[in-house]
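Data first, discussion second: the structure below is written as C-alpha cells.
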Amino acid sequence: VLDLGSGAGFDAFLAARQVGASGSVIGVDMTPDMVSKARANAVKGGYANVDFRLGEIEHLPVADATVDVIISNCVINL
C-alpha cells in the first residue's frame, strides 16, 4: 500500500493492520517534520511493516510497479 500525503501516519497505520505482517505500507509526505512524526508514531505503535519517506507526489521515492494499492486522504496542496 502506498499512502500519498501520509502526514503523521494515521491512515498508513490503518492500512498496516489490513495488510498484516506479510504486507507493507509506504507513507510519503513532503514535509520533513511530518515524516519524523510518523516515524516516531510507527515506533511507538510497533508498526514494523510501515516505512515513511520524504518526497513529493510528482516525484515519488518509490520504484515502479512495487505497490498494489494507493490511498490518499485529506491531502492539502500547499
Q. For residues in region 1-18 being surrounded by 15 or more Cβ atoms within 10 Å (Cβ to Cβ) and among the aliphatic types (A, V, I, L, M), which is farthest from I71 (Cα to Cα)?
A. A8
Q: Could you list all residues from region 19-54 that are part of a strand (DSSP E or B) and either small (G, A, S) or exposed (fewer than 15 other Cβ atoms within 10 Å of the Cβ) (or both)?
A: G27, L54
**Q.** Positions within region 55-69 being surrounded by 10 or more Cβ atoms within 10 Å (Cβ to Cβ), farther than 12 Å from I26 by Cβ and among the aliphatic types (A, V, I, L, M), in sequence order
**A.** I57
Q) What about V69, is it touching a residue at least 24 places away in the same chain (Cβ under 8 Å), of a type outside the set (S, T, N, Q) and within 19 Å of L14 (Cβ to Cβ)? A) yes
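Quick note: the coordinates plus some simple rules give every number you see, no bench work behind them. Being a predicted model, the structure only gives us computed values, none of them experimental. A quick note on method: Cβ atoms are made from the backbone with ideal geometry, for glycine too, and the neighbour counts reach across all protein chains shown.
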